[in-house]
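All remarks here apply to the structure that follows.
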Amino acid sequence: MLRLFGSAALVAFATGAIASPVADPMVTASPTLAKRATSCTFSGSNGASSASASQKACATIVLSAVAVPSGTTLDLSDLADDTTVIFEGETTWGYKEWEGPLLQISGNGITVKGASGATLNPDGARWWDGEGGNGGKTKPKFFAAHDLSDSSITDVKILNTPVQAVSVNGCDGLTITDMTIDSSAGDSGGGHNTDGFDIGSSSNVVINGAKVYNQDDCVAVNSGTDITFSGGLCSGGHGLSIGSVGGRSDNTVDTVSFTDSEVTKSVQGIRIKASSGDTGTIKGVTYSGITLSSISKYGVLIEQNYDGGDLHGDPGTGIPITDLTVKNISGSGAVSSSGYNIVIVCGSGACSDWTWDSVSVTGGKDYGSCQNVPSVATCDV
Ligand SMILES: *[C@@H]1O[C@H](CO)[C@@H](O)[C@H](O)[C@H]1NC(C)=O
């Protein structure tokens, strides 16, 4: 039966040549033939709109050197269950000042893969002005990986995002393996707020083997349950972060692990940010097997007095940090001499049941103003 969807139809998709890409190859099929074409390939400047229009009709969607027009989303948010999406060659986006996202993928049982040598390249340098999301040009967010369940994203390489790279939100069961986000050109080129992974309101998320070169949080978990980041490399940014927690629609962080990862050439290594005047929960966070090097400001920063900036005013007690484990942190000589090794500022009784073991972070200064530090931990090294 698949002959019905033979090479002619697929070539038509591939060239983007058909006038109405919504034409469904199954229109003549009997109910027993109401199966999806096995594979559809889209490319060029019509590729994104054709792929969006046909997304429910294809079991496998190959995006081959797609050039997404300016001001539009490569929108795969209405995929049928168990669809495979494969990026081939270089995917590009046109320039426009807008909010984005430039790419959006949602669904159940979705498999996303980057083929060998494939890149997703929004050429963010066109937007970079040193202001990120705080002003200047309106910059599109890159990838909304939202509402994915039992899905995986493997071997995807992203280059030079205009601002935040990957937003994981509303997901339950998402494994991201060997993703590279390389916005390192922004170090000298005006990249700002180029977060690697921002995670919210999601559960059962595993990010394994990621490499992130950027100018803001490598990973920021703002809310969620059962999130693991492991075997990763973070370079150039703000390290492995929880939060900021507080003042959002979801303010619960529960069971998050950062393990066996390296943070280098970064402003912070490990950071937990709780807003001082808000309520929420930060429970069951683990940092284990983290190697720090070339940290300019804070090796480890745990604060309950975040107000958009670090260490402002009195710490609050509305977002307790409990069941925190920080162990096997290697950072001898990692912090610059003008930075601080370990900073812990907690509200009274708001940090409890911590495990703190083999934390060696040196090179910088003692902060001198730590507050309510649980007895197992210390700011003095
Ligand atoms: C400490 O972390 C490093 C880096 O991830 C790892 O290689 C080592 O096995 C860990 N040591 C222990 C005792 O867990």
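What to note about this one:
- The stretch 302-311 - residue that is open to solvent by less than 10 Å² (accessible area, probe 1.4 Å) and closer than 15 Å to S241 by Cβ and, of those, nearest to the ligand (Cβ to nearest atom): I302
- Within the set D150, D82, D75, the sole residue that is closer than 30 Å to T225 by Cα, over 16 Å from the mean Cα position of the chain (by Cα) and surrounded by fewer than 16 Cβ atoms within 10 Å (Cβ to Cβ) turns out to be D82.
- Scope the stretch 336-358; condition closer than 14 Å to V381 by Cα and either within 16 Å of the ligand (Cβ to nearest atom) or modelled with pLDDT under 95 (or both); matching residues: W356, D357, S358
- Number of the condition not met by Y95 [criteria: (1) closer than 24 Å to S235 by Cβ; (2) open to solvent by 30 Å² or more (accessible area, probe 1.4 Å)]: (1)
- Within the stretch 119-137, the set of residues being in contact with a Leu (Cβ under 9 Å, 6 or more places away or on another chain) and part of a loop (DSSP other than H, G, I, E, B) comprises P122, D123.
- Residues that are farther than 20 Å from N251 by Cβ and more than 16 Å from the ligand (Cβ to nearest atom), drawn from the stretch 312-329: none
- Output for the stretch 251-301, where each listed residue is small (G, A, S) and away from the ligand (no atom under 16 Å from the Cβ): S266, A274, S275, S276, G277, G280, G284, S294, S296
- Test for S337: is it open to solvent by 10 Å² or more (accessible area, probe 1.4 Å), under 23 Å from the mean Cα position of the chain (by Cα) and farther than 24 Å from G133 by Cβ: no
- Condition met for S50 (open to solvent by 30 Å² or more (accessible area, probe 1.4 Å) and either of a type outside the set (D, E) or at pLDDT below 95 (or both)): no
The values are calculated or read from the model by the stated rules, or taken from the named source; none is laboratory data. Not measured: the values here are computed from a predicted model. All Cβ positions, even for glycine, are placed from backbone atoms using ideal geometry, and neighbour counts span all protein chains on display. Surface accessibility is based on the protein's heavy atoms, side chains included, excluding ligands, DNA and RNA. Shrake-Rupley method; radii C 1.70, N 1.55, O 1.52, S 1.80 Å.
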